[in-house]
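Taking it in order: structure first as structure tokens, then the write-up.
The values are calculated or read from the model by the stated rules, or taken from the named source; none is laboratory data. Please read these numbers as outputs of a predicted model, since none were measured by experiment. Please note: Cβ atoms are built from the backbone with ideal geometry, for glycine as well, and neighbour counts cover all protein chains shown. For accessibility, only protein heavy atoms count, side chains too; no ligands or nucleic acids. Shrake-Rupley method; radii C 1.70, N 1.55, O 1.52, S 1.80 Å.
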Amino acid sequence: MKTVANVIVALVALIHIYIVYLEMFLWTTPKGQKAFGITADFAQQSKALAANQGLYNGFLAAGLIWGLIKGDAAGYEIKLFFLACVLVAGLYGAATATKKILYIQALPALLGIAALLLA
């Protein structure tokens, strides 16, 4: 079960690395606009905010990767903490932005937490 938990943690980290890429580098492109359901005008006006948001998602990914690398009891606690942060961010995003965040962020984090607790 520990391997399953680590795979889920790694997948959540990869999701967040992709979100970083979308928010920091693709925000004003058609692909970024489609991913977030925004107009070109809004994307242009909000690109600094999106890059900042992307940076925070990068911190979440870095924390999860740190937990994976650490590997011991401290790594377990690090992974649990950062998955909880992702879960809270996902729940807030689903409540305030779009329900799809519930499935993209919150659900994978919840699965990771469950797998860690069962490992």
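Miscellaneous remarks
- Boolean, LEU111 is touching a residue at least 40 places away in the same chain (Cβ under 8 Å), open to solvent by 90 Å² or more (accessible area, probe 1.4 Å), under 22 Å from MET1 (Cα atoms) and under 16 Å from the mean Cα position of the chain (by Cα): yes
Each row is one residue, and each column tells you yes or no for (1) under 17 Å from GLY112 (Cα atoms); (2) not in a helix (DSSP H, G or I).
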{"position": "ALA5", "(1), (2)": "yes, no"}
{"position": "VAL12", "(1), (2)": "yes, no"}
{"position": "TYR21", "(1), (2)": "no, no"}
{"position": "TRP27", "(1), (2)": "no, yes"}
{"position": "ILE38", "(1), (2)": "no, yes"}
{"position": "ASP41", "(1), (2)": "no, no"}
{"position": "LEU49", "(1), (2)": "no, no"}
{"position": "ASN52", "(1), (2)": "no, no"}
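- Filter pass, LYS47 being surrounded by 15 or more Cβ atoms within 10 Å (Cβ to Cβ), closer than 23 Å to LEU110 by Cα, modelled with pLDDT of 95 or more and basic (Lys, Arg): no
- Screening THR98, THR39, THR28 for residues that are hydroxyl-bearing (Ser, Thr, Tyr) and either surrounded by 18 or more Cβ atoms within 10 Å (Cβ to Cβ) or modelled with pLDDT under 95 (or both) leaves exactly one candidate, THR98.
- Considering region 7-23, the residues that are open to solvent by 70 Å² or more (accessible area, probe 1.4 Å) and either free of Cβ contacts under 8 Å to residues at least 60 places away in the same chain or basic (Lys, Arg) (or both) include one that is farthest from PHE81 (Cα to Cα), namely TYR21.
- Flag if ALA61 is in contact (Cβ under 8 Å) with a residue 12 or more places away in the chain, buried (at least 17 other Cβ atoms within 10 Å of the Cβ) and more than 22 Å from ALA106 (Cα to Cα): no
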